[in-house]
Amino acid sequence: MIEAVGLKKDFKSTAKGAKGQTVQAVKSVSFTCRPGQVLGLIGPNGAGKTTTLRMLSSAIAPTAGEVRVQGLRLTQEQMDARRQIGFLSGHTGLYQRLSVRENIEYFGRAYGLRGAALSGRTDQLIDQFGLRQYADQQVDKLSFGNKQRAAIARTVVHTPAILILDEPTTGLDILGAKLVNDFVLDYKRSGAAVIFSTHHMHEVEDLCDEVCIINSGVSVYEGQVAALLNETGTTSLHGAYLHKITTPQVSA
Ligand SMILES: Nc1ncnc2c1ncn2[C@@H]1O[C@H](COP(=O)(O)OP(=O)(O)OP(=O)(O)O)[C@@H](O)[C@H]1O
């Protein structure tokens, strides 16, 4: 289980004309993602989703609030807790000069896998992500879609109990997106907690057990889609979402 508890993140702006000013990227975000659940994270551009996910993965520290993993506070020093997390973002690194197989093995070794366990897991992921024919190709020669598959494969090489995916299907074609979505459903069925940010409402409907809406740095809804429709008096997630992000909130 992973919880965001009153997360807040301020940055110092480096933008021309606003240098040194405080940017409140995340003001107050709270939600819980339990084992065997996919939580969809949605919100307008610039709402604070990526910043929130970076705090959850301990890539950056919150200005206030905390992340709890299995009920315990996550700090950047807690290696054991961090090993339970897999985080895919737009910046998830693949070594461009290494092959798909070498990349997966490299990250597997970093998580302590060795020998038959490492080669077995690598082969399993290569097959699961449809990368068999590209397994020994250098990553910089791959299409965007195959790079994304390889990036997800390397993110889950250590079978993390908590998987955080930041817009994993952006830029993928229909088959590529389906493969990722099918993987997410399989992965949650294995008992993992999965957080999935997206701009595609149909993915929330198809994949997510609960949804969290972030607007202007504040989580304005967390719960089931059915309850959201009920609360907003709407008949579609699209309508409910628009209602939530355009209606002034009394409280988060
Ligand atoms: N390192 C940073 N320094 C300064 N401002 C930042 C930094 N990172 C993010 N921001 C700002 O914080 C706000 C939230 O950004 P964030 O990337 O978290 O939004 P998002 O919801 O993921 O957006 P999108 O849907 O477009 O990916 C934006 O105004 C962004 O410009």
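The values are calculated or read from the model by the stated rules, or taken from the named source; none is laboratory data. On a predicted model such as this, the values are computed, not experimentally measured, just so you know. Don't worry about glycine lacking a Cβ; one is built from the backbone with ideal geometry, like all the others, and counts go over all protein chains shown. These area figures cover heavy atoms from the full protein model, side chains too; ligands, DNA and RNA do not enter into them. Shrake-Rupley method; radii C 1.70, N 1.55, O 1.52, S 1.80 Å.
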Within straight-line cross-link reach of residue 19, lysines at Cα separation under 26 Å, skipping those fewer than 8 residues along the same chain: 8, 9, 27, 49
Return one number: the angle in degrees, 0 to 90 and rounded to the nearest 10, between the long axis of the Cα atoms of helix 237-246 and the longest principal axis of the Cα atoms of the chain. 50 degrees
Can you pull the one-decimal nm distance between simple spin-label points at residue 202 and residue 170, each 7 Å off the Cα toward Cβ? 2.0 nm
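Can you compute the FRET efficiency between residue 143 and residue 73 using 1/(1 + (r/R0)^6), with r the Cβ-Cβ distance and R0 = 41 Å? Round to the nearest 0.05.
On the way: r = 41 Å, r/R0 = 1.00.
Computed FRET efficiency for residue 143 and residue 73 comes out at 0.50.
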Take 39, 175, 113 and sort them by solvent-accessible surface of the protein heavy atoms, 1.4 Å probe, largest at the top. 175, 113, 39
What's the angle, to the nearest 10 degrees (0 to 90), between helix 174-189's Cα axis and the longest principal axis of the chain? 80 degrees
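At a Förster radius of 25 Å, what calculated FRET efficiency corresponds to the Cβ-Cβ distance of residue 185 and residue 66, to the nearest 0.05? Mind showing how you got there, number by number?
Numbers: r = 30 Å, r/R0 = 1.19.
Computed FRET efficiency for residue 185 and residue 66 comes out at 0.25.
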Can you sort 203, 167 by 1.4 Å-probe accessible area, starting with the largest? 167, 203
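Report the relative contact order of the chain, percent, no decimals, based on alpha-carbon pairs under 8 angstrom and at least 6 residues apart.
Relative contact order for the chain comes out at 27 percent.
How would 158, 202, 243 rank on accessible area, largest to smallest, probe 1.4 Å?
Values: 158 35, 202 100, 243 75 Å².
In descending accessible area the options line up as 202, 243, 158.
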Per-residue ellipticity at 222 nm for the chain, helices alone: DSSP H runs ≥ 4 residues times -39500 (n - 2.57), over residue total, nearest 500 deg cm²/dmol? -10500 deg cm²/dmol
For the range 213-227 and the range 142-194, compute the distance between their C-alpha centroids and round to whole Å. 23 Å
Using only Cα atoms, find the angle between the long axis of helix 144-155 and the longest principal axis of the chain, and express it within 0 to 90 degrees, rounded to the nearest 10. 90 degrees
From the square roots a ≥ b ≥ c of the eigenvalues of the alpha-carbon gyration tensor of the chain, which class results: rounded (a/c under 1.5), prolate (a/b over b/c), or oblate? prolate
Between residue 235 and residue 116, take the C-beta separation as r, use R0 = 30 Å, and let me know the FRET efficiency to the nearest 0.05. 0.05
Solvent accessible area, Å² - residue 209, 1.4 Å probe, full protein context: 60 Å²
Measure of exposure for residue 32: accessible area at 1.4 Å probe, Å² rounded to 10, is 30 Å²
The extension gain from residue 97 to residue 178, computed as 0.36 nm times the residue separation minus the Cα-Cα distance, is 26.4 nm
